[in-house]
Structure formats: structure tokens, C-alpha cells
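J.: Here it is, the structure, as C-alpha cells.
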Amino acid sequence: MNDIPSEEIIRDKNLVFAVCSGDTKVFEQLVNIYKSNIYAIVLKIVADKNTAKDLINEVFEKVFRNISQYDGYSPFSAWLFRIAQNHARDNLRRRKTGTRGLLQAVGNFSNIEANCHNKIESGYDNPEESMIKDENAVFLHRFVSDLHPRYRLPLEMRYFGEYSLTEISNELNLPVGTIKTLLFRSRKMLQKRLINIDINSA
């Protein structure tokens, strides 16, 4: 068995040591080395290119904040990839939870969905119900991304980021009352678009 560390492992450990010693500019080298790998890992989990691109930055921000926790025994790449996988899975969980909550908030716009809503929520989906739910989620995410940032950001933070109203208020530097108004208006915008899609597809 060959226990001699590879050149890549030695290189990574030296770079990590340099970052932990205060040479933060070196971290950019680690980003350049692994960003394509991280993108591939994240994209496989979230299945959305735009989301994957956003998550790359979040993964490396998390790695930078916690790099001192790397023990140096396992390859740095294994530690990095595990963080990327966990972060992508957390994001996917929040998106699914947020999508369900947001669909409920804007109302059940489809008669078919309204009829099978209880079955969907209880987990007893038949193929038709699953298809409806998936299509609704696709339209919802598309419409959210089309909203003006003034309405999109509070909505994404509330439903997909699990922020409280106070946290959104602090982050966007807006009164809680304004945040509530923006959320109300953005939900109404989505409701109108979803209803139009349902009518046009009937």
C-alpha cells in the first residue's frame, strides 16, 4: 500500500496552511483549482444552473470561514466536496419547503390541484398529481426569478432562505411593515401569473 501523499494533497495542505497563517489571497488559488468540481457536484444535486452558480460562491465563503476546522488528515478535496454536498442538499431542502409554502400562500390556482391538494400534502401522489405539483413548482420558480428585485429578494429570503420578517428587515434595511407589504404584493403578482397560466393551458 502506497502511503506517500500525492502532489495534489501536499499542494492543498500547503495552501490551506498559508491561508490559516494569514495569507488570505492564497485562498483564490484553491477556488480556481476546485470551482469547476464544486459546480459539477452542486449542479447534480440542485439540477438548476443558475442556482448552482450562486451556490458556488456560498460554498467557498463557508469553506473560507471554517478552513481552520480542516484537520489535515484527510485530503482537502474530500473535506471541501463534503461541505459542497451538504450545502447543496440544504439548499434543495429549503427550496422544496419554500416552494410548498409559497404555493399555499398564493393559493391553489388549479381546480385539479385544489381537488387533490390534501392527497399531495399527505404524500399520496398519483402520477398525474405529481406531474401537476412539479409543473407548478417550475412555473413558480420561473416567475419568482422574473420579479423586480424589490419584490423578489424579500420573497426568496422568506420562503427559500427561511428568514424571519425581522431578519429580512435588517438585511434589506427596510421596516418590517414595508417587508410585509412587499411580500403581499409579490404573492399577488405570482397568483395572477399562475392563474393566467392555468387558464391558458385549459
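Readers should treat all values here as calculations from the given coordinates under stated rules, not as data from a laboratory. On a predicted model such as this, the values are computed, not experimentally measured, just so you know. When we count neighbours, we look across all protein chains shown, and the Cβ atoms used for this are built from the backbone with ideal geometry, even at glycine.
J.: Does PHE81 qualify as being surrounded by 14 or more Cβ atoms within 10 Å (Cβ to Cβ) and under 29 Å from PHE160 (Cβ atoms)?
T.: yes
J.: Separate question: Here is a check on your reading of the model: is LYS25 surrounded by fewer than 12 Cβ atoms within 10 Å (Cβ to Cβ) and under 14 Å from the mean Cα position of the chain (by Cα)?
T.: Here the answer is no, as LYS25 does not meet what is asked.
J.: If you don't mind, another one. In the set ASN14, ASN37, ASN50, ASN57, which member is within 23 Å of the chain's Cα centre (by Cα) and within 23 Å of SER74 (Cβ to Cβ)?
T.: Answer to the check: ASN37.
J.: Pick from the stretch 138-164 the residues that are assigned to a loop (DSSP other than H, G, I, E, B) and within 19 Å of THR178 (Cβ to Cβ): which of them is nearest to the chain's Cα centre (by Cα)?
T.: Residue satisfying both the conditions and the ranking: GLY161.
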